[in-house]
Number of protein chains: 4
Amino acid sequence: MKKYGFLGIGIMGKAMAANLLHAGFEVMVWNRNIERCSPLIDMGARQGKSPAEVVADSDITFAMVSDPAAAESLCFAQNGVLDGVSAGKGYVDVSTVDPETAMKIGRAIQGKGGRYLEAPVSGSKKPAEDGALVFLCAGDRALYDEAGPALQVMGKKSFYFPEIGQGAQMKLVINMIMGSMMTAFGEGLALGDKLGLPMTSVLDVLAQGAINNPMFQLKGPLMAEGNFNPAFPLKHMQKDMRLALLMGDQHGQPLHTAAAANNAFIKARNSGFGDEDFSAVLKAITS
Amino acid sequence: MKKYGFLGIGIMGKAMAANLLHAGFEVMVWNRNIERCSPLIDMGARQGKSPAEVVADSDITFAMVSDPAAAESLCFAQNGVLDGVSAGKGYVDVSTVDPETAMKIGRAIQGKGGRYLEAPVSGSKKPAEDGALVFLCAGDRALYDEAGPALQVMGKKSFYFPEIGQGAQMKLVINMIMGSMMTAFGEGLALGDKLGLPMTSVLDVLAQGAINNPMFQLKGPLMAEGNFNPAFPLKHMQKDMRLALLMGDQHGQPLHTAAAANNAFIKARNSGFGDEDFSAVLKAITS
Amino acid sequence: MKKYGFLGIGIMGKAMAANLLHAGFEVMVWNRNIERCSPLIDMGARQGKSPAEVVADSDITFAMVSDPAAAESLCFAQNGVLDGVSAGKGYVDVSTVDPETAMKIGRAIQGKGGRYLEAPVSGSKKPAEDGALVFLCAGDRALYDEAGPALQVMGKKSFYFPEIGQGAQMKLVINMIMGSMMTAFGEGLALGDKLGLPMTSVLDVLAQGAINNPMFQLKGPLMAEGNFNPAFPLKHMQKDMRLALLMGDQHGQPLHTAAAANNAFIKARNSGFGDEDFSAVLKAITS
Amino acid sequence: MKKYGFLGIGIMGKAMAANLLHAGFEVMVWNRNIERCSPLIDMGARQGKSPAEVVADSDITFAMVSDPAAAESLCFAQNGVLDGVSAGKGYVDVSTVDPETAMKIGRAIQGKGGRYLEAPVSGSKKPAEDGALVFLCAGDRALYDEAGPALQVMGKKSFYFPEIGQGAQMKLVINMIMGSMMTAFGEGLALGDKLGLPMTSVLDVLAQGAINNPMFQLKGPLMAEGNFNPAFPLKHMQKDMRLALLMGDQHGQPLHTAAAANNAFIKARNSGFGDEDFSAVLKAITS
């Protein structure tokens, strides 16, 4: 039976690792703040002392950290992932990073004989808990196939692209659309409010139309009541918008709508809403 | 049995009037270019010679024209709607107009003893054909109730707001969100294309996520193959964006995302895509 | 000796009429709030009881009011300008209005045998006081020539364009550039401030370079000390941005920079800075 | 008498070093392509064989290379600047680099006991020849004072900021304002053109007003005749806009106007105008 590792036990990582445990997989976990591992230990996980130990002990190690800097540090720090890699080890980074970081990590892993799959996820807390994430995988095809059973437990669908970096790129394209849609939604709610149209009426009308979607349905009522508990923290969405805009800059694609949306997220982050849900951009739009 | 009138037999009006006829309603129709009425005459409609004649002959007259100027002209021109209004006549304007125009028309109708309901629709060609429109009604409550059976034949849902102008305002809020979503979508597809991600892959990934919606599902594959046959003409979406931005201006709501989207639609319109579907904004984004 | 009229004694009108009086012209004045005329009466002006009376009494009447609605009302109201127009009367509207309003007023004046010149000014309080305005004239060439001596007293330079509306258009083009430059300037100051660069240092460096200009030199130090006393009220700049954007919309010119600037002015106006100087947009940019 | 070094004898460096020689300073020069040094040798300069030799021989060494990568290479390559640094040596980098590169080079120099001043210049070929550059200096205060006589020979004005990186930051703030002003200018010219206002008339009116500035005066007539010969290449302006926007992102300052401007430069660069003057953004605005 294969042995799995899981590095990074935040909101997302905890839910994902729990699903692996529920499904009967053997999992060793590690987190920088080690206390966050406790609930998983209670569920049967083994505690790793360092990323290197987890990787060395596991056939396939998953990692879910918050940004490119954390992903890079996780890999290259002392007793980090790289220190545990040996021939044949599989490393599946499900964090959202920029394509350059994915390529840098991938080359380092491969340089030590390991196998690398980038696999950023689409979906936040609820889909993570429900095993309904979508994985955007790119890199080692054989590792993709071997990791299949675990990906199926944690997600509802996986996509595979051949070039390392394409998973990150696809993720950023999707999140850029999502971020712009959120500011479009927020502007509509804000304008409706200024016009005296009840926010619930706007939501009711939206629910009948061609642009109805789970995000509006889930977040709309929460936004209307001022509930911005984080499913996907605003600062992470803003980071994804920045990375997507830099891809557009590099590849010569003007992105006017996304740039406007990004500025709204920057304003919201600077107003202290970075750790709230990204729907809190509404507060920056109405202020 | 009530007698109905229908003024304005364009893409939308033809489908709506046809549904009234299918349902067995008695309908008199009129269009500026009278030949467009022929298919409806073949289905049993009677031909009106002027808006005034249609209004005078009908208990409730619906009007569906393309913009505020047309709606105003339809009402105030010689042998226009107003010339046919007498006490108790019902006039339901399902065109999308700005709130000021709705109020101006409403007051004129009421000034001659008529009853006025603004009832802009959400939905384009396909929902119009399927009797699945959404009506955003505001004004005379009794007329709203009396027009109910006809609205139910043409639509799947109706909303009622007390103040004339609120129907138009709600419509513009919804369409503003829709227009911004379309440019967000287009920017995502354009960026993906520049990155070498197949457009169909982007659509597949979107279809799995929290922002999946009928508009993306319906229009995405058409856009990917360059099919921009008009369901909702781009020039009309651009007009709605302009009107929504003016409401924001008037009511003090900055609308950065919508303003960026509007400029994309202006560019597309100026490039000659005004009569194509509003999804043709993709061509302005990628050019 | 020619007799002159002056309608609209606000910040600008007062300074302009005072210059006419100083130069020895005979002037009859009128203002909606009649008390504002007192200082000019003290300087030798005669008090008109209505716009109609002023126009009837004068060979050439100047008008300076705050927006298109005021210009239209001034012309068409009872005892308004039009009621005083007879054959040969000259009416020079130096207000900033949209081209449509200029054309509407012009046609009405001409319809009664009068002569019309639109002549919006470039320049605000200080140039008005110094007789250093720039007039952007369009319409009746003979009236332009006859009004020359008065224009030379109030301004330093006049331009003539043949088509009524072109003066307004040119004014709006210039003010659109000015408004966008102000938000560009404000963003630079705001970013410098966030970086810890003293605002006075940014101004010193700007003063040495190729983009140095009187507006930065005059307003920069005031902005740095938070002095936003109105030379050109923000709400008027925002109105001009809106009108310029509508011209772009109508003529198919996307205006991304100006649209972003306009939203900043809308935000500032909505924050209560509408009656401060338009440089107060800095407060909206930094908030 | 102090001994000076000068590294990088391109268009700018040649003019600057020549001014030092004209003023009687003792200068050793070096350039990657050594032949470019000949005219300076003829003027009395001594030829250095490597950056290390120049730095070792000089009290204060100036460097003027084309971008951050070249500046970094000049410093860290074998026989590069760092190999010549010993206690007390002064190194003044007048190249335009990003703040991070300035800090990296500065720390390396200081780590070997040297003194570092970043001093990016405002001004291009003509001001360099005329000794009319502006230096934006940051870092070692004593070195700034000692380099004063040389800076006064090469420039008309110097500014000093304490923190390394602030020179680069100031340069980017100024260029961001300049870039946004250029798109504001371009939008005005484009709108005027769509309205039928001659571009030369728009320039004439601008020349009378409060926003008149050397950039509009110099570039306006060239833009009107379609002359986009590069004084400051568009791709460099776009890079500066990107770097400025990233500073805003990092420090929480939304920059809506600059983001819109940046997208116009991206579009222009992608249309093949990257090596033309940055005023060629006009072509992206009008297309």
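Residue count for segment C:105-138, restricted to those that are within 14 Å of chain D (Cβ to nearest Cβ), outside any strand (DSSP E or B) and more than 22 Å from C:Pro230 (Cβ to Cβ): 1. Just one of the numbered conditions (1) at the interface with chain D (Cβ under 10 Å from one of its Cβ atoms); (2) closer than 22 Å to B:Ala259 by Cα is not true of A:Asn270: (2). Of all residues in segment B:249-267, those satisfying the criterion of being within 7 Å of chain C (Cβ to nearest Cβ) and either touching a Phe, Trp or Tyr at 6+ places or on another chain (Cβ under 6 Å) or over 21 Å from C:Ala284 (Cβ atoms) (or both) are B:Ile266, B:Lys267.
Being closer than 17 Å to A:Val85 by Cα and either out of contact with any Gly (no Cβ under 6 Å at 6 or more places or on another chain) or outside the structural domain of A:Arg242 (by TED's automatic domain parsing) (or both) holds for only one residue in A:Gly44, A:Gly48, A:Gly24, and it is A:Gly48. Against the criterion of being touching a residue at least 40 places away in the same chain (Cβ under 8 Å) and farther than 20 Å from B:Ala259 by Cβ, A:Leu197 does not qualify.
Taking the conditions (1) more than 8 Å from every other protein chain (Cβ to nearest Cβ); (2) touching a residue at least 40 places away in the same chain (Cβ under 8 Å) in turn, B:Leu246 satisfies each one other than (1).
Could you check, for segment D:75-90, whether at least one of its residues is touching a helix residue (DSSP H, G or I) at 6+ places or on another chain (Cβ under 9 Å) and at pLDDT below 95? Within segment D:75-90 (the criterion being touching a helix residue (DSSP H, G or I) at 6+ places or on another chain (Cβ under 9 Å) and at pLDDT below 95), the answer is no, since none of the residues qualifies.
Reported count of residues in segment A:133-150, each being out of contact with any helix residue (DSSP H, G or I) (no Cβ under 8 Å at 6 or more places or on another chain) and under 13 Å from B:Gln208 (Cβ atoms), is 0. Within the option set A:Ser271, A:Ser279, being buried (at least 24 other Cβ atoms within 10 Å of the Cβ), polar (S, T, N, Q) and assigned to a helix (DSSP H, G or I) holds for one residue only, A:Ser279. For segment C:63-74, taking the residues that are modelled with pLDDT of 95 or more and out of contact with any helix residue (DSSP H, G or I) (no Cβ under 7 Å at 6 or more places or on another chain), the one that is surrounded by the most Cβ atoms within 10 Å (Cβ to Cβ) is identified as C:Ala70. Residues in segment D:132-157 that are within 20 Å of D:Leu172 (Cβ to Cβ) and either touching a His at 6+ places or on another chain (Cβ under 9 Å) or among the aliphatic types (A, V, I, L, M) (or both): D:Leu133, D:Val134, D:Leu136, D:Ala138.
As a summary of the residue check, C:Gly167 satisfies the conditions (1) surrounded by 23 or more Cβ atoms within 10 Å (Cβ to Cβ); (2) within 22 Å of the chain's Cα centre (by Cα); (3) over 30 Å from C:Gly24 (Cβ atoms); (4) not aromatic (Phe, Trp, Tyr) except for the one numbered (3).
The single residue among D:Lys235, D:Lys219 that is within 20 Å of the chain's Cα centre (by Cα), of a type in the set (Lys, Arg), outside the structural domain of D:Gly123 (by TED's automatic domain parsing) and surrounded by fewer than 20 Cβ atoms within 10 Å (Cβ to Cβ) turns out to be D:Lys235. Listed here are the helices (runs of 4 or more DSSP H) enclosed by segment B:1-72 that have at least 2 residues being within 14 Å of the chain's Cα centre (by Cα): B:11-22. Residues in segment B:204-241 that are within 14 Å of chain A (Cβ to nearest Cβ) and farther than 17 Å from B:Glu187 by Cβ: B:Asp204, B:Ala207, B:Gln208, B:Ala210, B:Asn212, B:Pro214, B:Gln217, B:Leu218, B:Leu222, B:Ala231, B:Phe232, B:Asp240. If you check D:Gly148 against the conditions, is it in the same structural domain as D:Gly88 (by TED's automatic domain parsing), surrounded by fewer than 23 Cβ atoms within 10 Å (Cβ to Cβ) and farther than 30 Å from D:Ile266 by Cα? Here the answer is yes, as D:Gly148 does meet what is asked.
Scanning segment A:39-54 for residues being in contact with a Ser or Thr (Cβ under 9 Å, 6 or more places away or on another chain) and either basic (Lys, Arg) or more than 9 Å from A:Met28 (Cα to Cα) (or both) gives a total of 1.
Results for (1) over 15 Å from the mean Cα position of the chain (by Cα); (2) under 18 Å from A:Pro162 (Cα atoms), shown as yes or no for each residue.
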{"position": "A:Lys89", "(1), (2)": "yes, no"}
{"position": "A:Ala102", "(1), (2)": "no, yes"}
{"position": "A:Ile109", "(1), (2)": "yes, yes"}
{"position": "A:Lys125", "(1), (2)": "no, no"}
{"position": "A:Ala128", "(1), (2)": "no, no"}
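Every test in (1) closer than 30 Å to B:Gly131 by Cα; (2) in contact (Cβ under 8 Å) with a residue 12 or more places away in the chain is passed by A:Leu191 save one, and that test is (2). Go through segment D:29-46 and give me each residue that's surrounded by fewer than 17 Cβ atoms within 10 Å (Cβ to Cβ) and touching a helix residue (DSSP H, G or I) at 6+ places or on another chain (Cβ under 6 Å). Once the filter is applied, which keeps residues that are surrounded by fewer than 17 Cβ atoms within 10 Å (Cβ to Cβ) and touching a helix residue (DSSP H, G or I) at 6+ places or on another chain (Cβ under 6 Å), segment D:29-46 yields D:Met43, D:Gly44. Residue count for segment C:178-197 under the criterion of being in contact with a Lys or Arg (Cβ under 9 Å, 6 or more places away or on another chain) and at the interface with chain D (Cβ under 7 Å from one of its Cβ atoms): the result is 1.
For segment D:91-128, a residue qualifies if it is modelled with pLDDT under 95 and basic (Lys, Arg), and the qualifying residues are D:Lys125, D:Lys126.
The values are calculated or read from the model by the stated rules, or taken from the named source; none is laboratory data. Nothing here was measured: the structure is a model prediction, and the numbers come from that model. Cβ atoms come from the backbone with ideal geometry, glycine included; neighbour counts cover every protein chain shown.
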